[in-house]
Amino acid sequence: MTSDLSSLRQRFPIFQHKVYLNSCSQGALSSDVRAAYEQLFQDWIEFGSPWEQWVERLEAARHAFCGLINADADEVAVTTSVSASISALASALDFSGERNKVVVSDFEFPTVGQIWHAQEKRGAQVVHVGAAGNTVAAEQFADAIDERTRLVSITHVCYRNGSMLDVPAIIDLAHAKGAKVLLDSYQALGTMPIDVKALNVDFLVGGVLKYLLASSGLAYLYVRKDLLPSLDPTYTGWFAQANIFAMDNNAHAPSPTARRFETGSPPVPVTYAAQAGINLIRTIGLGRIQQHIGQITGAIKEGAMRRGFNLVTPVDPSRHGALIALRSHKVDLLVKRLAAEQIVVSSRDNNLRISPHFYNNMADVNRLLDALTRHKELLV
Ligand SMILES: Cc1ncc(COP(=O)(O)O)c(C=O)c1O
């Protein structure tokens, strides 16, 4: 860890008393994000209802996100959750014709599958691509995607085991059949460079509470510019209108930009936090963060395998994100035991999830591995 990163770690008070390795669930609170929330209260007290300022904050949150994924401002909607983003997109898709298939992987966060299955009432047919062990290979999508596929909806990094899909290959497969691709990058944003233009992805969603270091209530939907005119969401509201302050109760006139996927009053408080969190990420740079996380996850994998623990995450570093999962036959007990040793991790299925960020260091890895060794009867 360079001195720079260790001095940034000082801005996260939790490290004074805990080893925090649960960024896949919630980013650690920094003094920057805390100060941003204090600024919200200050502005609220000082100005009462500074909506002009708050709308500027919303636009700043939009621009901050655009910078992270190389999108233009008119391609990004600011929403309140990934679920809201996908629901707005779903409402704009037509499933009444021949092209009614939605292909999802079994690695999706449940909200994704749930929203697509909800579209069955509107004619959608949802096809699942199952996992083969701890991966879903691009070739498995080749059988499922055909000329009837409207959308391929895939996670970037699986929330259960950290597995990273071969996104460029899946996008190529989908586009070759005329299907569009929605990428759920929630578990990847803030941990690695993502370039929507280089990926040529059609839609991308994510939010700010995990590796972007803010809190819940603010998420995004990227829509490739040329697709916007053909997409007219019915999940909508006054903040989706071309002129928000038209206040016209007699007509719906959606914005020509991705704002058409927004709905009601924006999540003002968390726009403060989002900007502070994303600023921290940008100060360090995504390339450097990816490299650092790679060192930390590499050390966790190596230490776990040397001790004979059962690694659920693919070993190949190009096939996983910032999340390493270990099989445990009593995972809830293991999470509790680690918590008693001031180590914060989480679980899904029977997997212990260990998710570092730039603020973790090798001392954290050693504390974790020593503790896991003490409780190895829960792992092997
Ligand atoms: C990959 C992924 N997608 C979606 C979600 C849920 O997003 P939201 O609660 O903003 O709808 C999560 C939350 O953990 C996630 O990990």
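Read the figures in this text as sums done on the coordinates, not as results from a lab. Note that the structure is predicted; figures quoted are calculated from it, not measured. Note that each Cβ is placed from the backbone with ideal geometry, even for glycine, and that neighbours are counted across all protein chains shown.
General remarks:
- Placing +1 on the Cβ of every Lys and Arg and -1 on the Cβ of every Asp and Glu, with no other charges, gives the chain a dipole of roughly 1280 debye about its Cα centre.
- Centre separation in Å (Cα based) which lies between segment 75-123 and segment 296-344: 32
- Summary value for segment 313-380: 36 percent relative contact order, contacts being C-alpha pairs under 8 angstrom separated by 6+ residues.
- Sorted on the mean count of surrounding Cβ atoms within 10 Å across their residues, most packed first, peptides 182-192, 135-145, 270-280 read 182-192, 270-280, 135-145.
- Each peptide in 345-355, 25-35 was scored by the mean count of other Cβ atoms within 10 Å over its residues; highest first, the order is 345-355, 25-35.
- Ordering A322, A258, G237 by Cα displacement along the dipole of the chain toward the positive end leaves A322 in first place; charges were set at the Cβ atoms of Lys, Arg (+1) and Asp, Glu (-1).
- Taking the centroid of alpha carbons for each part, segment 43-59 and segment 17-40 are 23 Å apart.
- Average Cα contact separation per residue, segment 162-228, under 8 Å, 6 or more apart, as relative contact order %: 27
- Rounded Å value of the spacing that divides the Cα centres of segment 199-252 and segment 124-165: 24
- 26 Å Cα-Cα threshold exceeded, pairs from K301/K376; K101/K301; K121/K225: K101/K301; K121/K225
- Each residue, V315 and H329, gets one label point 7 Å from its Cα in the Cβ direction; the gap between the two is 2.3 nm.
- Antiparallel bridges, percent of DSSP beta bridges restricted to the chain (to nearest 5): 50
- K121-I284 pseudo-label distance in nm [points 7 Å out on the Cα-to-Cβ vector]: 4.3
- Simple rule: put +1 on each Lys or Arg Cβ and -1 on each Asp or Glu Cβ in the chain, find the dipole, and look at P267, W54, V76; the Cα lying farthest toward the positive end is P267.
- In sequence order, segment 30-44 has phi-based couplings of 9, 5, 5, 5, 4, 5, 5, 5, 5, 5, 4, 4, 4, 5, 5 Hz under the Karplus curve 6.51 cos²θ - 1.76 cosθ + 1.60, θ = phi - 60°, and Gly or Pro positions carry x.
- Using C-alpha pairs under 8 Å with a sequence gap of at least 6, the mean separation divided by the residue count of segment 34-280 gives a relative contact order of 26 percent.
- Measuring max minus min along each principal axis, the C-alpha atoms of the chain give extents of 67, 59, 33 Å (largest first).
- Highest to lowest packing among 230-240, 104-114, scored as the average C-beta count within 10 Å: 104-114, 230-240
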